[in-house]
Amino acid sequence: MPAQLITVFGGTGFLGRAIVRELVDAGQRVRIAARHPAMPLHIEGSESIELVRADIRDSHSVKAAIAGADSVVNAVSLYVEQPGASFETIHVEGATRLASLARQAGIERLVHISGIGARTDSRSSYIRARAKGESAVLEALPGAILVRLSVLFGPDDAFLTTLAGLTRLPAIPLFGRGETRLQPVHVVDVARALIRLLGEPLTRRRLFEFGGPDVMRYRDILTLLLAHLHRERPLIPVPFIIWRALAGAAALLKNPPLTSDQVILMQRDNVVGAGVGTFADLGISPRSLRDSLPTCLPQP
Ligand SMILES: NC(=O)c1ccc[n+]([C@@H]2O[C@H](COP(=O)([O-])OP(=O)(O)OC[C@H]3O[C@@H](n4cnc5c(N)ncnc54)[C@H](OP(=O)(O)O)[C@@H]3O)[C@@H](O)[C@H]2O)c1
């Protein structure tokens, strides 16, 4: 890929950090845009990285963050609504603002990160906002590429770390019977795929979905983790109606450990669909969760 300047919105997040690392390794110049931008620990002092304070809700700062950039990645996330930051303001209005301003600045390549399962008819306002945001981004910048992900894993992730925490309980509650199928995908594989997308000649495909090589039931992921951690625990089915009640109660907390959107997401399989671009189109063989566990989750 010829040397470019790429602005990574959300470049300090879990996925954003991996994207920045891969871009720098590939010899690209990177501008990290976030509300609290910070140098990645492993590449302190790199001359290839610029930091820009930007808020996707604020046009002035977004304009400054993309000025002179060749491409833009939107890896901003919001999982729990906060005062002044709703799913609509971040995933719809913010995403559209970034795409429109990119178009005005003559930037053709924007990769917008979303999640597998985005649908306008969902009961979850989070999932609806993701779908609405995707359409609005394409309307604002028809050359944008939408990338939907299944659940990400990697060292210091939220997914395996949370599940490993559950394995310390005397018994592990399942979402329903734990039959929901997920396709956990390594964060570095996604970052590499995004870099291919940034470097490819403009592709006609507008939608990619990335999942790992294994489609696994939630209960099978827990069983794999228990074996990896040398623990034995019973897996207890818990009906979704109870999870919804728990999420309702948790909503009263400042940092809820569970949201109703997460419960709704866990009610449907979260796997790569048909007719979308995948790793295979980019010549990438993603690594499996099973093989990656030793590097992602230290054994006790
Ligand atoms: N993690 C997963 O398993 C997973 C699964 C499917 C899809 N995804 C998608 O992947 C993307 C990245 O997720 P992630 O897990 O890497 O997120 P994350 O770790 O929570 O990072 C979020 C990033 O967004 C920035 N940000 C938040 N609000 C912002 C704002 N108003 N303006 C500018 N930047 C803002 C944060 O920095 P500041 O707080 O400093 O602004 C941070 O850099 C999201 O679209 C997410 O939905 C993730």
If you go through Ile113, Ile145, the only one that is among the hydrophobic types (A, V, I, L, M, F, W, C), near the ligand (Cβ under 9 Å from one of its atoms) and either closer than 30 Å to Arg287 by Cβ or free of Cβ contacts under 8 Å to residues at least 40 places away in the same chain (or both) is Ile113
Check your understanding: Can you find a residue in the range 255-262 that is under 30 Å from Leu5 (Cα atoms) and modelled with pLDDT of 95 or more?
Key -> no
Among the residues of the range 240-257, the number that are surrounded by 12 or more Cβ atoms within 10 Å (Cβ to Cβ) and not small (Gly, Ala, Ser) is 6
Within the range 125-147, the residues that are among the hydroxyl-bearing types (Ser, Thr, Tyr) and buried (at least 20 other Cβ atoms within 10 Å of the Cβ) are Tyr126
The residue from Leu182, Leu174 that alone is touching a Phe, Trp or Tyr at 6+ places or on another chain (Cβ under 8 Å), within 11 Å of the ligand (Cβ to nearest atom) and more than 22 Å from Arg21 (Cα to Cα) is Leu182
Assess whether Thr7 counts as being within 19 Å of Ala158 (Cα to Cα), within 13 Å of the ligand (Cβ to nearest atom) and either of a type in the set (Val, Ile, Thr) or buried (at least 24 other Cβ atoms within 10 Å of the Cβ) (or both). no
Here the residues within the range 130-161 that are under 18 Å from Gln267 (Cβ atoms) and assigned to a helix (DSSP H, G or I) are Arg130, Ala131, Phe159
Restricted to the range 93-110 and to residues being more than 16 Å from the ligand (Cβ to nearest atom) and not polar (S, T, N, Q), the residue modelled with the lowest pLDDT is Glu108
The residue that is farthest from the ligand (Cβ to nearest atom), considering only those in the range 51-60 that are without any contact (Cβ under 8 Å) to a residue 40 or more places away in the chain and buried (at least 16 other Cβ atoms within 10 Å of the Cβ), is Leu51
Filtering the range 14-50 down to residues that are in contact (Cβ under 8 Å) with a residue 24 or more places away in the chain, within 15 Å of Ser77 (Cα to Cα) and surrounded by fewer than 17 Cβ atoms within 10 Å (Cβ to Cβ) yields His36
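The values are calculated or read from the model by the stated rules, or taken from the named source; none is laboratory data. Please read all numbers here as calculations on a predicted model, not as lab measurements. With ideal geometry, Cβ positions are generated from the backbone for all residues, glycine too; neighbour counts draw on all protein chains shown.
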